[in-house]
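Below: one structure, written as structure tokens.
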Amino acid sequence: MILNIDPSELKERARAAFVGMAIGDALGATVEFMTTAEIAAKYGVFKEVTGGGWLRLKPGQITDDTEMALCIARAVAKNQGWSREAIAQQFAAWLKSRPVDCGDTCRKGIRAFMLHGTLEVPYNQWDGGNGAAMRMLPAALLSLPDTELMKKYALEQARLTHHQALSDAACICLGTLLHQILQGASKSSLRREVDGFVIRFPTFCFEPYRGLATGYVVDTMQTVFHWFFKGKDFEDCLVGTVNQGADADTTGAICGMLAGAYYGMESIPRRWLKKMDVKLLRELEEHADRLILASPAGRFM
């Protein structure tokens, strides 16, 4: 395995992915469950980290998207390696802490572990939500640049709560894109990857864009693809995404991890960073460093 990027740049991209995810989450949470028309009527173009929304969040406060990704990163750090059981234990502790939000499918899967020790929920064609995809970043970082290892981690973390074909496909696609971005891929190369993904899974086709950004993983990924490829910089990608409303914290988090990795820390608006909790940002960056150093790519650093 030969990395196509300087180690210091790789570390910076990994940090930006984690921070970008949290900012996308915090930005989008304010307009979650709103329609595009409601957002336009209230804000014009929504582009500030203000908190509020249906969860009455503080400015910069994150939700389950970032919190569940942090659970995975903390499990890896505590276990000194990948462990489904360690991840499930972190999820359980998080759920017991009464988080500000938790999706129904995630809650059901975590409770199955708490009650029965279940580490893979049964296949359910109706569990096509975005709750597994939204927390893919740690699996992608820890497996870099090993594609088969990424697929293993992607499905193991996903199926703790979500066991469904489109959810699985979205997780693996995100992991693949993150691996390519972290190694310096161009947007044209990434677009070819996504075009190939859409050929294999036509339901994810995002042209023409239908404007749906619900918690259904297909709508989520179509929104992320559309605005990531349309956006000219980190802010452009994120603002376009979250102004679709609906499940805006999750579409924002996923687009934020991709755009953060692609554009880097310098691209993230300072006014957004200033609204985030300093301790949270430090923890995100520390986990990004640990995951990269523990990955197969770490041997080159």
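Derivation of every value follows stated rules applied to the coordinates shown; laboratory data play no part. Since this is a predicted model, take the numbers as computed values, not measurements. Quick reminder, even Gly has a Cβ in these numbers, built from the backbone with ideal geometry, and neighbours come from all protein chains shown.
The figures follow:
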| quantity | calculated |
| --- | --- |
| Residue match in the range 190-203 (condition: under 14 Å from the mean Cα position of the chain (by Cα) and crowded, with 18+ Cβ neighbours inside 10 Å) | no |
| Among (1) in contact with a Phe, Trp or Tyr (Cβ under 6 Å, 6 or more places away or on another chain); (2) in a loop (DSSP other than H, G, I, E, B); (3) under 21 Å from TYR263 (Cα atoms); (4) hydrophobic (A, V, I, L, M, F, W, C), the one test that CYS173 misses | (2) |
| Leading residue by the ranking (nearest to ALA169 (Cα to Cα)) among those in the range 110-134 that are among the charged types (D, E, K, R) and touching a residue at least 40 places away in the same chain (Cβ under 8 Å) | ASP127 |
| Candidates LEU178, LEU149, LEU212, LEU141 - the one that is under 20 Å from HIS287 (Cα atoms), touching a helix residue (DSSP H, G or I) at 6+ places or on another chain (Cβ under 7 Å), surrounded by fewer than 21 Cβ atoms within 10 Å (Cβ to Cβ) and not basic (Lys, Arg) | LEU149 |
| Scope the range 248-271; condition of a type in the set (Phe, Trp, Tyr) and surrounded by fewer than 23 Cβ atoms within 10 Å (Cβ to Cβ); matching residues | TYR263 |
| Any hit, the range 284-300, residues being touching a Lys or Arg at 6+ places or on another chain (Cβ under 9 Å), under 21 Å from LYS58 (Cβ atoms) and surrounded by 21 or more Cβ atoms within 10 Å (Cβ to Cβ) | yes |
| Single match in GLN183, GLN164 (criterion: in contact with a Gly (Cβ under 6 Å, 6 or more places away or on another chain) and touching a residue at least 40 places away in the same chain (Cβ under 8 Å)) | GLN164 |
| Pair list, Cβ < 8 Å and 6+ apart or interchain, from the range 274-297 residues that are of a type in the set (Val, Ile, Thr) to residues that are surrounded by fewer than 18 Cβ atoms within 10 Å (Cβ to Cβ) | ILE292/GLY298; ILE292/MET301 |
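Yes/no per residue for (1) free of Cβ contacts under 8 Å to residues at least 24 places away in the same chain; (2) assigned to a loop (DSSP other than H, G, I, E, B):
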{"residue": "VAL19", "(1), (2)": "no, no"}
{"residue": "ALA26", "(1), (2)": "no, no"}
{"residue": "ILE39", "(1), (2)": "no, no"}
{"residue": "LYS42", "(1), (2)": "yes, no"}
{"residue": "GLN61", "(1), (2)": "no, yes"}
{"residue": "ALA69", "(1), (2)": "no, no"}
{"residue": "ALA75", "(1), (2)": "yes, no"}
{"residue": "GLU85", "(1), (2)": "no, no"}
{"residue": "ALA92", "(1), (2)": "yes, no"}
